[in-house]
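Here, each number is a calculation from the coordinates, and none is a lab measurement. In this text, all values refer to a predicted model and were calculated from it rather than measured experimentally. Here the Cβ is made from the backbone with ideal geometry for all residues, glycine too, and neighbour counts use every protein chain on show.
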Amino acid sequence: MKVADLPLLVCVDDESEVLDSLHRLFRHEFRVMPFTDPKKALKFISDYKKEIPIIISDFKMGPINGLDFLNTVKLKAPTSYRIILSGQIEIQHLSDSINDQIIHKFFMKPWDNEILKIQIKEVLQTRELMLEKERYKHLSITDPVTLLTNHRFFQESLSKELALCNESSPVSLLMIDVDHFKKYNDTHGHPAGDKLLQNIAARIKDGLMNIPCTVSRYGGEEFGVVLPFANKEEALRLAENIRASFEAIPFIGEDGKNSTITISCGVATAPTDTMDKAELINIADKALYKAKAEGRNRVCA
């Protein structure tokens, strides 16, 4: 394997002898990046665009604490496995840092070379399994066409929010349907229809930017939006803003021509309408059907 293809191992220690030892130990399995200065290490971690699998830090590095360093690393490289390699650290500091997920592992100095190599190999395998698990989890809740969360995630999200719902913390639900989507699909074909759904999903998300919410593909050309903390009035206002954006800004079709796409939206709110999840969805759906029956391109509650 070429050196450039080896996984990265960032090592931070104020003793160059320690860094030299780690470089010699891991140079055949990793691209070892040694730093005596934690600030330079942070800059490298921030600038490096690819994932860094493992970052090893000493605990005491002059005025800088290794735990503080790795806590900053956690923000800049959240998928990296963070390890303290030290001969002196208080057990309470160590325990708190593991509980707070600042570090994943602690290894003692001085170390046995063969044991440390086995331990780091295990860390790399554990991280790969964790990332694989996260990838499968992401796929299981993601709609492949729009890349929004899917129906299953929508149901789970609504259940969680309703469990926290009360008079002072309402939850609103938007059910959004694309007007005359079947006609568009039949005219332009399914690939163009899928592309349109992607663009619609993006526009709905843009219309809710900085608003706490979950936007999901409910099914077909229908989208569900869970809005925690939003009462009926706020939900209607947000829904109307989204509807107006579709009416005002046409989509550019596959043929390069403008295509005016409109949406209809139904709104329901807990606890005002109901606290039952199935009934809340049903109320929002009935409001959506009302919007369709009254001529489409409108919001109803």
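Things to note:
- The label point for K160 and the one for Q88, both projected 7 Å from the Cα toward the Cβ, are 4.4 nm apart.
- Under the simplified labelling scheme, the Q198-F251 pair shows an inter-label distance of 1.2 nm, with each label point 7 Å from Cα along Cα→Cβ.
- Of all aspartates and glutamates in the structure, the ones whose alpha carbon falls short of 13 Å from that of K60, not counting any fewer than 8 places away in one chain, are D13, D14, E15, D37, D68, E90.
- Inter-probe distance in nm under a simple model that places probes 7 Å from Cα toward Cβ, at E114 and S16: 3.2
- Here the extension length gained between T274 and T72 equals 68.3 nm, from 0.36 nm per residue of separation less the Cα-Cα distance.
- Estimated [θ] at 222 nm from DSSP helical runs (n ≥ 4, -39500 (n - 2.57)) normalised by residues in the chain, nearest 500: -15500 deg cm²/dmol
- Separation between Cα centres of the range 45-85 and the range 178-225, rounded to whole Å: 40
- Structure-derived mean projected area of the Cα convex hull in nm² - corresponding label in (1) 20.9; (2) 36.0; (3) 16.6: (1)
- For the range 151-300: Kirkwood Rh in Å [reciprocal of mean 1/r, alpha carbons]: 15.5
- Gaussian network model of the chain, Cα within-10 Å springs - most flexible of K117, K49, K286: K49
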